[in-house]
Amino acid sequence: MQKRAFLKAITLGGLVLPQIGKSMTKIIPSQPKVSPTLLAADESYWEKIRAMYRLKPDYINLENGYYNILPEATLNHYLNLIKEVNYHGAFYMRTRQFNERAEQNNLIANFVGCDPTEIVLTRNTTESLDLIISGYPWAVGDEAIFAEQDYGAMIDMFKQVAKRHGISNKILSLPNHPKSDDEIVALYQNAITPKTKLIMICHMVNITGQILPVKKICDMAHQYGVEVMVDGAHAIAHIQFNLKELNCDYYGASLHKWLAMPLGVGMLYIKKEHQSKIWPLLGENDTVKGIARLNHFGTNPVHTYLALQYAIQFHQNIGAANKEERLRYLQNYWTNKIVDIPNIILNTPREANRSCAIANVGIKGLKPSEMASTLLKTYQIYTVAIDGAGVHGCRITPNVFTTTKELDQFVKALKEMAS
């Protein structure tokens with residue numbers, strides 16, 4: 001939906017939201033007329049972007065993959081939304097919330113590139129994908145395929161479904177440094193049997209940042225009549241893609257990560273032909289049809305969903321290509337400096353198409369928990385330890401507000417710790 005039409009829709013009913021179309025654009029610094037690749041290395045420009053965030057000076061934050069800090073402009077608009085919804089109270093909740101939440105569905109559908117009838121807003125990736133796993137029409141003996149590097153919450157749901165419905169789970173292990181797309185595709189292909197119903201894959205592996213060849217896996221699986229569910233928690237507003245072109249059957253994501261939405265907003269995409277067979281998590285009236293029957297979650301903080309328009313606008317004003325190139329530049333900036341240092345282990349592929357902002361690094365002989373603790377206590381650098389599924393190190397996730405000076409401090413810390 002066009003932004004002007006959306007703002008008109010949400011103001012006519014009485015809820016007067018801030019008209020920020022022009023003001024949001026004004027606060028984004030003007031971009032030099034250069035390519036995204038050149039802009040990625042322009043520290044003066046990204047310092048201006050950094051100034052749009054309120055950041056703690058106590059430590060360098062290199063763990064932005066869990067929850068991305070909101071820029072002050074988006075945060076202020078979100079706080080105004082909370083006040084306005086509270087001002088209207090039950091009147092808003094009973095008369096307007098459903099139509100306006102549907103408008104947010106239109107916004108996210110346009111953003112990711114799919115039909116609005118195939119997408120709903122949820123609270124996070126876990127809720128989205130667990131809804132599919134638990135609601136899938138399993139029969140005894142059916143098989144599911146996923147990797148040990150997939151997110152734990154979804155793996156736990158597959159284990160629960162195995163106990164509940166008598167299905168079998170085939171668990172693969174992804175190489176941290178694949179030789180080619182074909183190697184990854186073959187890994188899943190070789191696990192398929194006539195009993196296989198569903199494959200779960202990550203668009204971007206959360207513990208290493210590895211980007212999988214999603215479309216190639218989906219195209220392969222469909223030749224065997226197998227459906228594919230994609231964990232896109234870290235891909236939305238991080239790397240550029242069109243969801244429909246991926247050819248997956250289900251796609252879940254968290255918008256409070258790289259899109260920098262307030263906490264508690266995710267999305268779920270389901271191809272139209274699959275919607276009727278999935279059981280909803282909560283019971284819904286029989287008159288509700290399509291994907292909406294899977295989106296009944298009771299009373300919820302609707303003001304959070306209304307903030308979507310502002311998060312998308314902030315992202316688009318920076319530019320998707322500019323953002324992706326800057327994030328990849330930051331990762332390459334520090335990984336290029338440490339890749340050949342003795343005792344340092346990089347758990348993320350080096351090829352540009354196989355990663356972006358996220359990378360994982362370990363130090364030989366040092367437990368990830370000790371590594372993360374030392375980085376924080378000795379060097380005031382905050383990261384997260386990963387220790388399992390063939391990955392032993394700290395996940396490093398810079399954001400658009402991260403500076404190369406901060407990464408220089410991180411590299412200095414790694415060199416000292418590795419020696």
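Gln240 to Thr193: extension gain in nm, 0.36 nm per residue of separation minus the Cα-Cα distance?
13.6 nm
Going by the alpha-carbon gyration tensor, a ≥ b ≥ c the square roots of its eigenvalues, is segment 49-141 rounded (a/c under 1.5) or, if a/c is not under 1.5, prolate (a/b greater than b/c) versus oblate?
oblate
Taking N as the number of residues in segment 321-418, what is its alpha-carbon radius of gyration divided by 2.2 N^0.38 Å?
Taking the Cα Rg and dividing by 2.2 N^0.38 Å, one obtains 1.01.
Taking a label point 7 Å from the Cα of Val140 along the Cα→Cβ vector, which residues of segment 155-176 have an amide N closer than 14 Å to it?
Flagged as within label range: 163-168.
Whole-Hz Karplus ³J(HN,Hα) for segment 55-61, in order, using 6.51 cos²θ - 1.76 cosθ + 1.60 and θ = phi - 60°, x for Gly and Pro?
10, 5, x, 5, 7, 8, 8
I want the local charge near Met154. Using Cβ-Cβ distances under 9 Å, sum +1 for each Lys or Arg and -1 for each Asp or Glu among the other residues.
Neighbourhood net charge equals -4.
Under a 5 Å amide H to amide H cut-off, with H placed in plane at 1.01 Å, what residues pair with Cys202 once short-range neighbours are removed?
For Cys202, whose amide H was placed from the backbone, the distant partners under 5 Å are Asp231.
Among His165, Thr299, His177, flag the residue with its Cα farthest along the positive direction of the charge dipole of segment 98-310, charges on Cβ as +1 for Lys/Arg and -1 for Asp/Glu.
The residue sitting farthest along the positive end of the dipole is His165.
How do the peptides 327-335, 135-143, 123-131 rank, highest first, by the average count of neighbouring beta carbon atoms within 10 Å per residue?
123-131, 327-335, 135-143
Could you compute the net charge surrounding Val302? Neighbours are other residues with a C-beta less than 14 Å from the C-beta of Val302; K and R count +1, D and E count -1.
It works out to a net charge of +2.
Tell me whether the chain comes out rounded, prolate or oblate; compute the Cα gyration tensor, take square roots of the eigenvalues as a ≥ b ≥ c, and use a/c under 1.5 as the rounded threshold.
oblate
By the scheme Lys and Arg +1, Asp and Glu -1, what is the net charge of all other residues having a beta-carbon under 12 Å from that of Leu407?
Net charge around Leu407: 0.
Strictly greater than 15 Å: what percent of every Cα pair in segment 158-209 meets that?
Here the long-distance tail beyond 15 Å is 56 percent of all Cα pairs in segment 158-209.
Excluding same-chain residues fewer than 8 positions from Lys337, which lysines have a Cα within less than 19 Å of its Cα?
Lys337 reaches Lys364, Lys405, Lys412, Lys415.
Can you give me the long-range amide H partners of Thr196? Hydrogens built in the peptide plane at 1.01 Å from N, cutoff under 5 Å, separation of 5 or more residues or another chain.
For Thr196, the qualifying residues are Glu143.
Pairs to check: Lys215/Lys367; Lys56/Lys367; Lys56/Lys179; Lys170/Lys271; Lys170/Lys215; Lys56/Lys83. Give those whose C-alpha atoms are more than 31 Å from each other in this structure.
Violating the 31 Å limit, Cα to Cα: Lys215/Lys367; Lys56/Lys179.
So what J values fall out for segment 288-300 if you push phi through Karplus, 6.51 cos²θ - 1.76 cosθ + 1.60 with θ = phi - 60°, rounded to Hz, Gly and Pro as x?
Working through the residues one at a time gives 7, 10, x, 5, 4, 5, 9, 10, 8, 10, x, 5, 9 Hz.
Taking θ as phi - 60°, what are the ³J(HN,Hα) couplings along segment 248-261 by the Karplus curve (6.51, -1.76, 1.60), each to the nearest whole Hz, with x for Gly and Pro?
After applying 6.51 cos²θ - 1.76 cosθ + 1.60, I find 7, 9, 9, 8, x, 8, 10, 8, 7, 8, 7, 7, 6, 7 Hz.
Identify all aspartates and glutamates with a Cα-Cα distance to Lys33 below 14 Å; exclude those on the same chain that are fewer than 8 residues away in sequence.
Asp42
So, in nm, how far is label Asp42 from label Lys415 when the simple model puts each one 7 Å beyond its Cα toward the Cβ?
With each label point 7 Å from Cα toward Cβ, the separation is 3.0 nm.
Take peptides 181-193, 86-98, 402-414, 200-212 and line them up by average Cβ neighbours within 10 Å, highest first, as a rough protection proxy.
200-212, 402-414, 181-193, 86-98
What 222 nm value per residue comes from the helices of the chain, counting each DSSP H run with n ≥ 4 as -39,500 (n - 2.57) and dividing by all residues, nearest 500 deg cm²/dmol?
Result for the chain: -13000 deg cm²/dmol, rounded to the nearest 500.
Which value, in debye to the nearest 20, gives the size of the charge dipole of the chain about its Cα centre, when Lys and Arg are +1 and Asp and Glu are -1 at the Cβ?
Dipole size: approximately 800 debye.
Readers should treat all values here as calculations from the given coordinates under stated rules, not as data from a laboratory. What you see is a predicted model; the values in this text were computed from it and never measured. Counting neighbours? That spans all protein chains shown, and the Cβs are built from the backbone with ideal geometry, glycine included.
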